[in-house]
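Have a look at the structure below, then the notes.
FYI, it's all coordinate maths here, none of it is from the lab. Just so we're clear, the structure is a prediction, and the values are computed from it rather than from any experiment. Ideal geometry is used to build each Cβ from the backbone, glycine not excepted, and the neighbour counts take in all protein chains shown.
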2 protein chains.
Amino acid sequence: MIYPFLLPDMKAEFKLRLEKVRNAMAEGDCDALLISSTTNLFYLSGCVFRGYLLVMPEREPVWFMVPPSVAPENAPDVFNIHKPEVIPAWMEQHGYPIPSKPGLEFDDLLYSEVERLKSLFPGREIKNASKIMRQARMVKTEYEIAKIREDGMHQARAYSQVSSCFQPGMTDLELQIEVERILRLEGCLGYLRAAGSRMELNLGSVISGENADVASPYDFAMGGGGVDPSLPVGANGKTIKPGTSVMLDMNGGFNGYQSDMTRTWYLESISEQARKAHECSRAILRELEKIALPGTPISTLYKRAVEMAEAEGLQDYFMGHVNKAKFIGHGIGIELNEQPVVMERNHQPLQKNMTIALEPKFVIPHVGAVGVENTYRVGDNGLENLTVFPEELQEL
Amino acid sequence: MIYPFLLPDMKAEFKLRLEKVRNAMAEGDCDALLISSTTNLFYLSGCVFRGYLLVMPEREPVWFMVPPSVAPENAPDVFNIHKPEVIPAWMEQHGYPIPSKPGLEFDDLLYSEVERLKSLFPGREIKNASKIMRQARMVKTEYEIAKIREDGMHQARAYSQVSSCFQPGMTDLELQIEVERILRLEGCLGYLRAAGSRMELNLGSVISGENADVASPYDFAMGGGGVDPSLPVGANGKTIKPGTSVMLDMNGGFNGYQSDMTRTWYLESISEQARKAHECSRAILRELEKIALPGTPISTLYKRAVEMAEAEGLQDYFMGHVNKAKFIGHGIGIELNEQPVVMERNHQPLQKNMTIALEPKFVIPHVGAVGVENTYRVGDNGLENLTVFPEELQEL
């Protein structure tokens, strides 16, 4: 077991993150966090273990390992416990004040898990630690951005092999399976980490033809119907037809961070309208890359994208035709769906080093979905693309 | 979108399941369930949608669809709503009594989701619907057993291709990737549904050599260390060495139900002790197949397995060597980890048509994990294997 938070060359990185979390705690009026979700443990420790992490404003963080996870030798601030119920006694014994407004992860843990942890702090006002952590994680460190960029490079290498693994007569699902294999061989860890309980998917989706407009109960922009009612999302198993588009929105996940990149292929030919919509998606990205500056209200991005689609007469197809998604992008990092959500009613200003995936897509009836998605970091002069790969419509 | 609960030939099946759920509600002193987890919606509807299902003892169940899910036309008892907060008014309007002990899914939903739903039933005693549903789902219907059997057949077809996709010099992960592809081509949906928040994994694991004894923070019997601290489970990316075992514990998931099947391969040669342990695993399964009758306490299975390992002098290697799992099996169905858990302190009697995966495995130092796992249904005369595939150690 590797514990990155103990590595000397990672100390500065985790100190930075801790500072961000403490700032968010102060903003959220919270004087302790007890963290145990995979995502937030990974953010603050660089690894996943079984146990708890206690963060307080003026104390060193304390790691509590629960078997089978074990505290390494000679690691101060890392302790072995058997259950979280011993934590209050540990705190008292070690001179830690009992927090008056402790935070627990309301949006990351099951109801029964939070209820169990609430009993450690009787009579206290319990805050939502998930909200605080989401806030802290929204603006990335340089290290995190480098991880996402690395992820994007792996994903680009996988995407460059898509055309060569297509065989005439393939279904969307058969193509997806070959792309999954390529991603895995490229180092994709094979697990898509997402916030909330509204995401169930393997490594992403391949959507072709009419399937682009089939609603999915999950939170994906262009869901697709899937092949079985137990998992109604993504490829539907039908043969890819000439004249239809094939949109690949396969997620990365090579190093604990994710990049989100969509590219579009077509079989044999594709309509002029679809080409026009695809170029409109690219033009929207070029425009947003320029106007998305630190301080720009996020809603401005959404509105500008809608305006540009309307100017081309493509508003009926923008972000879906029968079913329309109400966002054009989302934060991304450890989880696929982080803050901020790029939608009309989000007036928050962009901040430097936010990382956002922008996906202005169109669904053209009888053709399918077209468009491009890139993952960006917000820089001083606009967006920097972390998912560099040709954006043109490509023939399969 | 297909709604299996509306299909005429499925009506009897869902009536059966509803009856089981109502019995569990009566046992659990609960007069209404409001269900919204993927797993339990699928159990009671045969599909996943966005919305809520209201189950009461003496009323027809009511389905509430939330966009993008939509009620089909001419479907009585299926209604469109925009948010769960309208459900109490709907109930009043339609003459449904306000329940005094409604159940919400404490172990399936996030804390914030349950808190939101609790506000629909102010002042009421809220019961744990997850516990009730787990109880109802523990004993399967014939239809469900047929689905698991079908799943096992797909999985067996995939396993029959393992040796042919091995290439000398491969890592455990490279072999796993080829097996994942075969499973997906065979129809595996590619999403492992598991209860709780302690499971993160792609489609299963391939464990070779020393990696068999590396602890994972997840709830897997033989975890493995993985290749990245963000996902410390499974294959570790090392080349498969001659003289080591390669244990495949890849999960199915072809039709909404899962089967769990482990088989063991080796490269070039394997020690006599490992062969002996593998045969002991098979002997344990043969014995349990006979003694596991309706009414047998589940702890009896665990104890008998430990006794048989001890009789062969293999107790130090049983269910792990450095890290030991404390169970030898688990219920399985829609989720990988259903009730009952086959462990020492579970004295519940087996019931006819429970489906359980039994995995008496050994970790032999320097060799790796050996043993077999099958998924069984409990029948009147013992266990029926639903994962029929040769059990012998096989050379890669």
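Figures for the structure shown
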{"item": "Order of A:203, A:189, B:185 - criterion: other Cβ atoms within 10 Å of each residue's Cβ, fewest first", "result": "B:185, A:203, A:189"}
{"item": "Chain B: most fluctuating residue of B:367, B:322, B:246 per GNM, C-alpha cutoff 10 Å", "result": "B:322"}
{"item": "Per-residue average of Cβ from other chains inside 10 Å of A:61-72", "result": "2"}
{"item": "Residue-averaged beta-carbon neighbours from other chains (10 angstrom radius) around A:30-43", "result": "1"}
{"item": "Farthest toward positive dipole pole in the protein assembly as shown [+1 Lys/Arg, -1 Asp/Glu at C-beta], among B:18, A:120, B:158", "result": "A:120"}
{"item": "Span from the the stretch A:322-396 Cα centroid across to the the stretch A:1-74 one, whole angstrom", "result": "30 Å"}
{"item": "Phi-based couplings in Hz for the stretch B:301-318 (Karplus 6.51, -1.76, 1.60; Gly and Pro marked x)", "result": "5, 4, 5, 4, 5, 5, 4, 5, 5, 5, 4, 9, x, 10, 4, 5, 10, 6"}
{"item": "Burial ordering of B:130, B:163, fewest other beta-carbon atoms within 10 Å first", "result": "B:163, B:130"}
{"item": "Longest to shortest principal axis, alpha-carbon extents of the stretch B:92-225, angstrom", "result": "68, 34, 23"}
{"item": "Cut-off under 5 Å, modelled amide H: who pairs with residue B:376 long-range", "result": "B:356, B:357, B:358, B:386"}
{"item": "Most fluctuating residue given options A:212, A:311, A:235, as computed from a GNM of chain A linking Cα atoms under 10 Å", "result": "A:311"}
{"item": "³J(HN,Hα), Karplus 6.51/-1.76/1.60, whole Hz, each residue of the stretch B:381-396, x for Gly, Pro", "result": "10, x, 8, 10, 6, 9, 10, 7, 6, x, 9, 4, 4, 10, 7, 5"}
{"item": "FRET efficiency, residue A:366 to residue A:58 (Cβ-Cβ, R0 60 Å, nearest 0.05)", "result": "0.45"}
{"item": "Residue A:115 paired with residue A:143, simple spin-label distance in nm, labels 7 Å along Cα-to-beta-carbon", "result": "3.8 nm"}
{"item": "Whole-percent pair-distance distribution, where bins are 10 Å wide, for the alpha carbons of the stretch B:118-162", "result": "22, 24, 22, 18, 11, 3"}
{"item": "Estimated dipole of the stretch A:4-136 in Debye, rounded to 20 [Cβ of Lys and Arg +1, of Asp and Glu -1, Cα centre]", "result": "120 debye"}
{"item": "Cα-derived Rg to Rh of the stretch B:268-396, Kirkwood definition", "result": "0.96"}
{"item": "Dipole magnitude of the protein assembly as shown, debye to nearest 20 (Cβ charges: Lys/Arg +1, Asp/Glu -1, about Cα centre)", "result": "1000 debye"}
{"item": "Residues whose placed amide H lies under 5 Å from that of residue B:78, excluding near-sequence neighbours", "result": "B:63"}
{"item": "Whole-Hz couplings from phi, Karplus 6.51/-1.76/1.60, listed for the stretch A:352-365; x for Gly and Pro", "result": "3, 6, 5, 10, 10, 9, 10, 9, x, 10, 10, 10, 9, x"}
{"item": "Cα extents of the stretch B:4-138 along the three principal axes, largest first (Å)", "result": "39, 33, 29"}
{"item": "Amide hydrogen neighbours beyond the local backbone of residue A:341, cut-off 5 Å, H modeled", "result": "A:331"}
{"item": "Reciprocal mean inverse distance between Cα atoms of chain A - Kirkwood radius, Å", "result": "22.2 Å"}
{"item": "Cα-centred dipole magnitude for the stretch B:142-395, charges only on beta-carbon of K, R (+1) and D, E (-1), debye, nearest 20", "result": "280 debye"}
{"item": "Mean Cα-pair separation over length for chain B, i.e. relative contact order, pairs under 8 Å, 6 or more apart, %", "result": "15 percent"}
{"item": "Estimated FRET transfer efficiency (residue B:381, residue B:272; beta-carbon r; R0 41 Å; 0.05)", "result": "0.75"}
{"item": "Cβ-derived FRET efficiency at R0 45 Å, residue B:167 paired with residue A:75, nearest 0.05", "result": "0.65"}
{"item": "The stretch B:167-270 - convex hull of alpha carbons, volume per residue in Å³", "result": "97 Å³"}
{"item": "Beta bridges by DSSP in the protein assembly as shown, antiparallel share as percent, to the nearest 5", "result": "85 percent"}
{"item": "Dipole of chain A [Lys/Arg +1, Asp/Glu -1 at C-beta], most positive-end residue of A:195, A:231, A:99", "result": "A:99"}
{"item": "Degrees separating the helix A:272-291 axis from the principal Cα axis of chain A, which is the longest one", "result": "40 degrees"}
{"item": "Positive-end residue of B:295, B:258, B:313, charge dipole of the stretch B:215-344 with Cβ unit charges", "result": "B:313"}
{"item": "Order of B:70, B:206 under a 10 Å beta carbon neighbour criterion, fewest first", "result": "B:70, B:206"}
{"item": "The stretch B:24-80 - share of DSSP beta bridges that are antiparallel (%, nearest 5)", "result": "70 percent"}
{"item": "Partner chain coverage, peptide A:111-123 - average Cβ within 10 angstrom", "result": "4"}
{"item": "The protein assembly as shown - convex hull of the alpha-carbon atoms, volume per residue in Å³", "result": "160 Å³"}
{"item": "Qualifying GluC sites (Glu not before Pro) in the stretch B:216-300, DSSP loop, other Cβ atoms within 10 Å at most 14", "result": "B:268"}
